[in-house]
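Heads up, the thing below is written out as structure tokens.
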Amino acid sequence: MPTRSQLETLTLSALDLVAASLKRALAAIEHRDAVLAQRVVADDDHIDRCYRDVNAGVLDLLATQAPVATDLRLATALLRVVGHVERMGDQCVNLAKMSLVAGSSPFDPALLMGIERMGTLALSEVTHAQYAFVLRDPGLAFEVVRDHERVASLDREIFARAAHAPPGGADVGCALSAVLMSRALSRIDDNAVAIAEQGVFVVTGQLRGLRASAAAPDPA
């Protein structure tokens, strides 16, 4: 049976796979690369396998070792984190499939630039969330939560731009693809925030207040 350390390592390796898949999905969108997109779809099986292995390992650990205090919080956090990782992998697949649907159709350059900017931010959030969880650092987790609003703002901008696409023709299809890509990136970012929060949970046993604190205005 894997140890808690091994289960955490496996969870983090799955997060590395997500980061790699996200990079490939973004490259597939930028370069209209069907081969890269298909690799993202195929690689999701590896992420799913990690998800199943971590779930099975944590449940065995809970059943046989009855961990308490911090060890119990870590086991619980790993179940949550690997669930978020699995969902991020699914969203990478959605991005890849949308790039295949878009094909070689011309995109509004502003929409494409927005997707690229949003993708860069989301990828950064995935990496920073991983660091925040590994280091159990509330400060890093707070920064992930604060940066989440930048991604959300781009999501809103892309939707607003797409809503003004002229009716009929390829423009509407590309605008819809951009909105779906944007929403997939937004969901990836949501899960990155949740992963960062789990690092705080392991240390404090609390989650409430982190997002609310980030949303609050700085004191004058």
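The values are calculated or read from the model by the stated rules, or taken from the named source; none is laboratory data. Keep in mind the model is a prediction, meaning the values are calculated, not measured. Every residue, glycine as well, gets a Cβ built from its backbone with ideal geometry; the counts of neighbours run over all protein chains shown.
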Check your understanding: Can you name the residue in region 59-98 that is polar (S, T, N, Q) and under 18 Å from ALA14 (Cβ atoms) and, of all such residues, is nearest to the chain's Cα centre (by Cα)?
Key -> GLN91
Review point. With (1) touching a His at 6+ places or on another chain (Cβ under 7 Å); (2) under 15 Å from ASP189 (Cβ atoms) as the list, and LEU140 as the residue in question, which single condition is left unmet?
Key: (2)
Review point. Just wondering, is there one or more residues in region 18-35 that are small (Gly, Ala, Ser), within 24 Å of LEU135 (Cα to Cα) and touching a residue at least 40 places away in the same chain (Cβ under 8 Å)?
Key: yes
Point to revise | Those residues of region 15-42 which are at pLDDT 95 or above and charged (D, E, K, R), in sequence order | key: ASP16, LYS23, ARG24, ARG39
Point to revise | GLY168 vs. criteria modelled with pLDDT under 95, surrounded by fewer than 21 Cβ atoms within 10 Å (Cβ to Cβ) and at positive phi | key: yes
Study note, to complete from the structure: Just one listed residue, out of VAL145, VAL134, VAL101, is β-branched (Val, Ile, Thr), crowded, with 18+ Cβ neighbours inside 10 Å, more than 11 Å from the chain's Cα centre (by Cα) and assigned to a helix (DSSP H, G or I), and it is VAL145
Review point. Out of region 39-58, which residues are out of contact with any Leu (no Cβ under 6 Å at 6 or more places or on another chain) and either among the β-branched types (Val, Ile, Thr) or farther than 18 Å from LEU12 by Cα (or both)?
Key: ARG39, VAL40, VAL41, ALA42
Practice item. Being polar (S, T, N, Q) and in contact with an Asp or Glu (Cβ under 9 Å, 6 or more places away or on another chain) is the filter here, so list the residues in region 106-126 that pass it. Key: SER124
Practice item. Evaluate region 1-11: report whether one residue or more is of a type in the set (Val, Ile, Thr), assigned to a helix (DSSP H, G or I), surrounded by fewer than 16 Cβ atoms within 10 Å (Cβ to Cβ) and over 20 Å from the mean Cα position of the chain (by Cα). Key: no
Review point. Does region 68-76 contain at least one residue that is buried (at least 16 other Cβ atoms within 10 Å of the Cβ), modelled with pLDDT under 95 and not in a helix (DSSP H, G or I)?
Key: no
Review point. Can we say VAL151 is in contact with a Leu (Cβ under 6 Å, 6 or more places away or on another chain), touching a residue at least 24 places away in the same chain (Cβ under 8 Å) and more than 18 Å from THR76 (Cα to Cα)?
Key: yes
Exercise for review: Could you grab me the full set of residues in region 28-67 that are part of a helix (DSSP H, G or I), acidic (Asp, Glu) and in contact with a helix residue (DSSP H, G or I) (Cβ under 9 Å, 6 or more places away or on another chain)?
Suggested key: GLU30, ASP43, ASP44, ASP48, ASP53
